[in-house]
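All remarks here apply to the structure that follows.
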Amino acid sequence: MNYQWYPGHMTKARRMMQEDIKLIDLVIELLDARVPFSSRNPDIDKMGRDKARLILLNKSDLADEKSNEAWVAFFEAKGYCVRKINSRSGAGLKSINAAILEACHEKIERDKRKGIKNRPVRAMVVGIPNVGKSTFINAYAGKACAKTGNKPGVTKGKQWIRLNKGLELLDTPGILWPKFEDQSVGMRLAMIGSIKDEILNTDELALNLIRFLMEHYPGRLTERYGCEETAQEALTVYEEIARRRGCIKKGQELDYTKTGMLLLDDFRSGKLGRITLELPKGETEEQ
């Protein structure tokens, strides 16, 4: 299936970002650590190419640590300042202040040479829907100053948030780009919940997740559901999970949709363990 989602408010938000980016010094880009490549909006690179950059690998507790380290090394090699964080637990947030100073070192030194002192760094927080931007801002600021939700697209408008005398944040709506050139990118974003479940083929998505786990994380499905993985087809495993979890309709018909959502919810919440769906190019054929 084709994975597409580009509501009208995103076109408006993109235009707004193009205007607002002229006002800021630093782009703080949140990526989902399970899909750092797929959760990057290529528009942000184009719009923010002349700005200092800080990449935050959010939900890093849900991604496997070896892959986290590979992605940190990948982005640092490209000249970005990178930190691993978990906005919900607060892990890694204490390192953000130092990271901002590191990322904005040239700007701060430039201001000093011009005799400008104590001007706050103005930062724009960007990221695709459901990557955890509002949760990050609330956790970092220590108060609920940005609206949050567990569905994509909750943050509709923009707001400046003054955290301290040295930093102001501009929150922005989550933005997807109009077309995924690679449908596997859309599939991964659907798996992590950045595309609304209502428009997805849950069965196909769950089957793809099962195939991926059987190849790259063998034993996880057996550990979680008690199903047999060895030499099994993905559909057979899917059906066994449905039976073991009681996902059965009247007449003993298997409820594939219910089973698919069970699988996706378990993956998204970390109940299947720490899983990364892609690695930097050259380290996996998955990308």
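The values are calculated or read from the model by the stated rules, or taken from the named source; none is laboratory data. Note that this is a predicted model, so its numbers are computed, not measured. Keep in mind that these areas ignore ligands, DNA and RNA; they rest on the heavy atoms of the full protein, side chains included. Shrake-Rupley method; radii C 1.70, N 1.55, O 1.52, S 1.80 Å.
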(Q) For segment 212-263 and segment 67-121, what is the centre-to-centre distance using only Cα atoms, to the nearest Å? (A) 42
Q. Per the 1.4 Å probe, what fraction of the accessible area of segment 220-265, in percent, lies on carbon and sulfur atoms?
A. 44
Q.
At 0.36 nm per residue, and after removing the present C-alpha to C-alpha distance, how many nm does the segment from A231 to N164 gain when stretched out fully?
A. 18.4 nm
Q) Once the mean 1/r over all distinct Cα pairs of segment 1-132 is inverted, what Kirkwood radius in angstroms do you read off? A) 15.9
